[in-house]
Amino acid sequence: MSRTFSISKKRAVYFDVTDYLNNPSYALPIQEENQLTRLDVVYRALVSILFNYVPTSGHPGGSISSGRFVEHLLYKHMMYDFSDPLRLDNDIISYTAGHKALGLYAMWALRNECVRVADTAFLPANEKMQLRLEDLLGFRHNPVQGTPLFNKFHSKSLGGHPEPLVPFVRTSTGASGVGIGSGVGLAFGAADAYGENCPRVHMVEGEGGLTAGRVSEAVAMASTAQLKNAIFHLDWNEASIESERVTAENGNPGDYVQWTPLEFFYIHDVNVIYVPNGHDFKQIHIAHQLAQEIDNHQPTAIVYRTTKGWKYGIEGKASHGGGHKFASDGFYASLAEFEKTFGVKMVRFEGEKTPENIEKYLWESLQIIRTALEKDKELSAYISTQLRSSAQHLDAKKRTVRADLGEVEKVYNVDPKNVPAPFNFKVGESYTTRGVLGDVLGYLNKYTQGAILMASADLYGSTGAAGVAKPFAPGNFNTQTNPQSRRLSAGGICEDGMAAVCTGISAFGKHIGVASSYGAFLAFEHVAARLHAIGVQAAREAGQLANTFILFNGHASLPTGEDGPTHADPQALQLVQENFPKGACITITPLEVDEIWPLVARALSLKPAIFSPFVIRPSNKLMDRKALGVENAEAAMNGVYYLRRAQGKAEGTIFVQGAGVGREIVEKVLPSLKENVNIIYVTSRELFEQLSQTEQDKLIDPDLFKTSMGITDFTLPTLDCWVNSVAGRKHSLYPHKGGKFLSSGSSAKVYEEAHLDGASLLTAIKAYVNDLKKASHWC
């Protein structure tokens, strides 16, 4: 007997705005529609001008197709204080589709110019908090641009994708799917900080941006947690770089995916509002009003059916990352509506196509825009009035951070040397570094009254990350049923989306986001981490709040041997160690549990954008440092410490990194070692580099690097900073030295296969010392 398939009941609801077109309660006053229409004419001209004079760089099509619903958001729907971009209670708009940056900059500059014309007193007092027409001279140019007007006006360098250097931009976006993830993270941060009366986070995306797997993961996290303040605005234009039919539609299969955006969001239990004509302000107005009225606490997606490159003269995929040829008839035709509407004539480019001449004509074009707005004071007055009204509505909301949320800043100010009682361990008793790392972060979470939100890829207990949320309500965070929990539902085994969400949590400014999984899967999280580091650099330069994102690597390298080479992966550290600008990322590789408090406290005190600790699976007995002659745990804060210091003239120096091989050294090498060598354990390359050169030289004589060898749980390149000779590299030991991936097995057997077991290490050290003695010149 055949059965009918049906979708299970959802909390989410569905609306089609055409059902409300004749309802006067949802009508947009004709006068306002006319003003918004005139504004959009200026905006589309500005987009075309920017693309032409960069020259011919950017994404005009998507910038234009999303223009009208963004205009309505900015001037009719959102609550924010234009004069104070740093207000934490502002509603947020995030261009999660970062390639629409051209549109963002044009929209921001146009808004700023209207206020300059009509209400100068409402401009942000600090010019850094404005995005002026003059700043558009810096689109896709870096600070060394050097052209005359760029220098004269101190124009901002506006990246090809948005960065928080730009006012009202909170995260860096652009890598597909990461923007939605970080946007959801911003919504998590806002919801937890403000409770029911929280800022809304409006995410601007295209249907192509939904196809990345991490987007499904992030949207699942938002709906599961009932983030009512997460609002997705989907520019459904069906055109990507290479396709004119990205998704399924009207019974036709898609080139890439077989769902429509309506189906995508609804299956994730997200409210869906369909706008059949995303260029019609009447329909857009209805959609935004409906979104405001929904009270089921689920996220909402407004799906606008649009045309990419609408009225630009080039539509569809041809306008995605391209447009009219430079100073072509097509370009000038795209300005005709603006010229007719405002009674002006745009300049025509003449002369050589030099950077200086292009800049000259761009500026002349921008001045014509300025003149048009100065003459049409009614339009600028409307925009300014709407922005004043938005700020007044925000004030009336009286949004306040909940009284019982602690201060995240306290995390950065704990004393590494003042070890709390729970982290005074007993020699000879067994502990796991992963468990203690979770407990240390949990202690800090309790100390800050819940300023740390954490997620794990269905591995809370396994990785040790459960300790982070242990002092708080059990179970997963939900705005309605479990708001005191610090543990996020990560959508399952979802490192990609989870990491992106946690970066947004950190970017909001009131929390630290922690993402936990196997070290082997750090590659999934690396893209989100990199974008966060870019964003933090820009945010701090702009005076915004931006906190550390923690990548908790709970099963690092070979000690996870039973899971085989897919999981016991030595490559992860190489992705992050010394792979960022100095200070942006700090890694730690503690050998013992008593090193974790000082290392975590020291690393966080430096406020890196990314903190990436690597800890291992097995439990081990705490070594007796005094009996072994090993330096105390506090020394780990320097990034290195001596497991053994040579007496008199050293026969060699060995750098060791990784708790697994470090354990082999401590338990099986030190007791039997006859050679008079220095053995230095590396806890953090980045913490070592934070020391002054004098302090570094005092810890390690620079000449030792010339004759050293290395032993690591990770990869050969991670030793390069410690081993400065070809001969030293030849003697160095690392998991893949045998030229193959290792097999599955117990930790002990995997180390034996890799020749990193105690017996093999003793043999290798002896060979290294003998070769060093015989060498007349070690290089």
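The values are calculated or read from the model by the stated rules, or taken from the named source; none is laboratory data. In this text, all values refer to a predicted model and were calculated from it rather than measured experimentally. Methodologically, a virtual Cβ is constructed for each residue, glycine included, from the backbone with ideal geometry; neighbour enumeration extends over all protein chains shown. What goes into the accessible areas is simple: the full protein's heavy atoms, side chains included, and nothing from ligands, DNA or RNA. Shrake-Rupley method; radii C 1.70, N 1.55, O 1.52, S 1.80 Å.
Overall, the ratio between the Cα radius of gyration of the chain and 2.2 N^0.38 Å, rounded to two decimals, is 1.05.
Summarised in one figure, the compactness ratio Rg/Rh of the range 123-217, Cα atoms and Kirkwood Rh, is 1.07. Sites listed here are trypsin sites (Lys or Arg not before Pro) in the range 361-454 whose DSSP assignment is loop and whose Cβ has at most 11 other Cβ atoms within 10 Å: Lys398, Lys417, Lys426. Among the trypsin sites (Lys or Arg not before Pro) within the range 150-236, not one is in coil by DSSP while having at most 13 neighbouring Cβ atoms inside 10 Å. Taking each pair of distinct Cα atoms in the range 558-657 once, what is the resulting Kirkwood hydrodynamic radius in Å? Its Kirkwood hydrodynamic radius stands at 15.5 Å. For the chain, which span is the longest to avoid every loop-located (per DSSP) member of GluC sites (Glu not before Pro) having at most 11 other Cβ atoms inside 10 Å? With GluC sites (Glu not before Pro) excluded where exposed in loops, the chain gives 430-779 as its longest stretch. Among the trypsin sites (Lys or Arg not before Pro) within the range 1-87, those in coil by DSSP and having at most 11 neighbouring Cβ atoms inside 10 Å are Arg3, Lys9.
For the range 203-210, putting each phi into the Karplus relation 6.51 cos²θ - 1.76 cosθ + 1.60 with θ = phi - 60° gives couplings of 10, 9, 9, x, 5, x, x, 7 Hz, in residue order, rounded to whole numbers and with x for Gly and Pro.
A simple rule links phi to the HN-Hα coupling: the Karplus curve 6.51 cos²θ - 1.76 cosθ + 1.60 with θ = phi - 60°, which for the range 582-590 gives 3, x, 6, 9, 10, 9, 9, 10, x Hz, with x for Gly and Pro. Surface exposure of the range 326-469, expressed per residue as accessible area with a 1.4 Å probe, stands at 47 Å². Using r as the Cβ-Cβ distance of Glu337 and Asp458, and R0 as 45 Å, what FRET efficiency do you calculate, to the nearest 0.05? Efficiency at R0 = 45 Å is approximately 0.25. Which log10 I(q)/I(0) values, to two decimals, does the range 542-584 give at q = 0.19 Å⁻¹ under the Debye formula with one point per Cα? Treating every Cα as an identical point scatterer, log10 I(q)/I(0) equals -0.71. Eigen-decomposition of the gyration tensor built on the alpha-carbon atoms of the range 189-292 gives equivalent ellipsoid semi-axes of 25, 17, 11 angstrom, largest listed first.
Structure note, pairs Lys582/Lys730; Lys228/Lys397; Lys282/Lys398; Lys674/Lys773; Lys706/Lys773: Cα-Cα distances above 18 angstrom occur for Lys582/Lys730; Lys282/Lys398. The residue list Tyr734, Gly745, Ile765 was ranked by how far each Cα lies along the charge dipole of the range 712-779 toward its positive end, using unit charges on Cβ atoms, and Ile765 comes out on top. Among the listed pairs Lys128/Lys510; Lys626/Lys766; Lys311/Lys345; Lys410/Lys698; Lys417/Lys607; Lys426/Lys446, those with a Cα-Cα distance over 28 Å are Lys410/Lys698.
What the range 60-171 shows is 27 Å² of accessible area per residue, with the surface traced by a 1.4 Å probe over protein heavy atoms. Among residues other than Glu352 whose Cβ falls under 13 Å from its Cβ, what is the net charge (Lys/Arg +1, Asp/Glu -1)? Once positives and negatives cancel, what remains is -1. Note on the chain: with charges restricted to the Cβ of Lys and Arg (+1) and Asp and Glu (-1), its dipole about the Cα centre is near 880 debye. Axis angle, to the nearest 10 degrees, between helix 522-542 and the longest C-alpha principal axis of the chain: 60 degrees.
Projecting the alpha carbon convex hull of the range 472-615 along each direction and taking the average yields 9.4 nm². Just the number, please: carbon plus sulfur as a percent of the accessible area of the range 399-459, 1.4 Å probe, no ligands or DNA/RNA counted. Solvent-exposed carbon and sulfur of the range 399-459 make up 46 percent of the total.
Relative to the longest principal axis of the Cα atoms of the chain, helix 758-774 runs at roughly 80 degrees. Of all DSSP-defined beta bridges confined to the chain, some 15% are antiparallel rather than parallel.
Think of a 1.4 Å ball rolled over the protein heavy atoms: the range 532-603 then has 27 Å² of accessible area per residue. Which residues does the label zone of Ile7 cover in the range 235-261, counting backbone N under 20 Å from a point 7 Å along Cα→Cβ? Residues 235-238, 246-261 qualify, since their backbone N sits under 20 Å from the label point. Over the chain, dividing the summed -39,500 (n - 2.57) contributions of all DSSP H runs of at least 4 residues by the number of residues returns a 222 nm mean residue ellipticity of -11000 deg cm²/dmol.
Here the range 90-137 exposes an accessible surface that is 46 percent carbon and sulfur, computed with a 1.4 Å probe and the other protein chains kept in place. Protection proxy ranking, highest mean first, for peptides 548-554, 256-262, 286-292: 548-554, 286-292, 256-262, where packing is the per-residue count of other beta-carbon atoms within 10 Å, averaged. With all protein chains in place and a 1.4 Å probe, the accessible surface of the range 238-359 carries 49 percent carbon and sulfur.
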